[in-house]
Amino acid sequence: MIEKTRFAPSPNGWLHLGHAYSAIFASDTAKELGGHFLLRIEDIDIGRCRPEYEQTIYEDLAWLGLTWEMPVRRQSEHFADYEAALKRLRNMGLAYPCFATRKEISDAIEASGISHARWPADPDGAPIYPGLYKDLSLSELNHLMWEGRTYAWRLDMKKALAMAETKAGGPITFLEENGGPRGQKGRLPIDPMLFGDVIIARKDVPTSYHLAVTVDDALQNVTVVTRGQDLFPATYIHRLLQVLLDLPEPRYRHHGLIRDKNGRRLSKSAKDMGLRELRMTGHTPADIRRLIGLMP
Ligand code: GLU
């Protein structure tokens, strides 16, 4: 078996020091395992991704001294693969069309009598979906479609987990080889119910991050998924989808996040330490490794 790791940035902003760390971590892991390192462009968000960001990803990573396998997979060129996976989940009765707007969700939470602050949130901070449009009759569904209302597809999480556990013959686990946010390591249980009925295909594109990443890691034979600990809980959903879609199980190595001097997570929007900026202001790749603590 050839070991494979990947770095999978979204070209919707300039890469920052946190991305440099993540990319080097993935590349070093591949070297340590005597395997290959892949770069994947996660550009399903066609409204926010821009060609200049993608081009700069290649330039930044090459400048850091990284090399990756060609050709690079660009998710926007493979929507049919994600649609096929969605279709399977739909055929299993695990996905339902969801017409809800943000406002409808917010109004439903309001109407529940529970304040927004106390309404349960998923690990990303988004409110758990209150179940609108979940149990529509066929005629209600037809009516809404006839009206031309746009819809996303949501996973019926309870049903999906029950089916996956039956398939797996018991609780589903994943192998964490580095460490979760609280140092969790080894064979760990998944808890996808924390996310509620997640979106698996958005209104504007026939997939979501969770579905595309799961399908691609399998299609590209990724054996070790390396990424930041912010995505540790997302692994619960990805393992669930792997079981449901009969995909192989990779190992996971989540890494700590690079923070600024105030302890804040770096973000693309806050213009934090953009690699391009640092590159153009005379910093060297060795400076970057020093800044992210990979060199004394
Ligand atoms: N595309 C995701 C991001 O830029 C990373 C996906 C992953 O590593 O699983 O945050």
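The values are calculated or read from the model by the stated rules, or taken from the named source; none is laboratory data. In this text the structure is predicted, and so the values were computed from the model without any measurement. Here Cβ is always computed from backbone atoms with ideal geometry, including for glycine, and neighbour counts include all displayed protein chains. Surface areas here come from the heavy atoms of the whole protein model, side chains and all, with no ligands, DNA or RNA. Shrake-Rupley method; radii C 1.70, N 1.55, O 1.52, S 1.80 Å.
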Counting only protein heavy atoms and leaving out ligands, DNA and RNA, the solvent-accessible surface of Phe25 at a 1.4 Å probe, in Å² to the nearest 10, equals 40
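Enter the mean projected area of the convex hull around the alpha-carbon atoms of region 69-211, in nm², rounded to one decimal.
11.8
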Acute angle (nearest 10 degrees) that the helix 209-219 long axis makes with the longest principal axis of the chain, alpha-carbon atoms: 60
Neighbourhood charge, 13 Å Cβ-Cβ cut-off, centred on Arg102 and excluding it, Lys, Arg +1 and Asp, Glu -1: 0
Any idea what angle helix 102-111 forms with the longest principal axis of the chain, computed on alpha-carbon atoms, 0 to 90 degrees, nearest 10? 60
Can you work out the FRET efficiency for the pair Glu32 and Arg265, with r the C-beta to C-beta distance and R0 = 30 Å, to the nearest 0.05? 0.70
Only residues of region 200-237 count here: report those whose backbone N is under 17 Å from the spot 7 Å along Cα→Cβ of Arg102, or say none. 202-205
Based on the Cα atoms of region 148-236, what semi-axes does the equivalent ellipsoid have, where each is the square root of 5 times one gyration tensor eigenvalue, given in whole Å with the largest first? 24, 17, 13
Solvent exposure of the chain as accessible area per residue, Å², 1.4 Å probe: 50
Kirkwood Rh in Å, taken over region 184-296 so that all alpha-carbon pairs contribute: 16.7
Suppose a student asked you for the relative contact order of region 1-148, using Cα pairs under 8 Å spaced at least 6 residues apart; what percent would you report? 19
CD proxy at 222 nm, helix term only [per DSSP H run n ≥ 4: -39500 (n - 2.57); per residue of the chain; nearest 500]: -11000 deg cm²/dmol
Descending principal axes extents, region 4-77, alpha-carbon based, whole Å: 37, 25, 16
Using a 1.4 angstrom probe on heavy atoms only, work out the carbon and sulfur share of the accessible area of the chain in %. 54
Anyone know which of Gly131, Gly183, Gly256 comes out most mobile in the 10 Å Cα GNM of the chain? Gly183
What residue among Glu104, Glu54, Glu147 has the largest mean-square fluctuation in a Gaussian network model of the chain, using Cα springs under 10 Å? Glu147
Can you tell me the orientation of helix 234-244 relative to the chain, as the angle in degrees between its alpha-carbon axis and the longest Cα principal axis, to the nearest 10? 60
Out of Arg264, Arg227, Arg74, a Gaussian network model of the chain with alpha-carbon springs under 10 Å gives the largest mean-square fluctuation to Arg264
Dimensionless Rg over Rh [the chain; C-alpha; Kirkwood]: 0.98
Using the Cα atoms as the points, what is the convex hull volume per residue of region 1-140 in Å³? 184
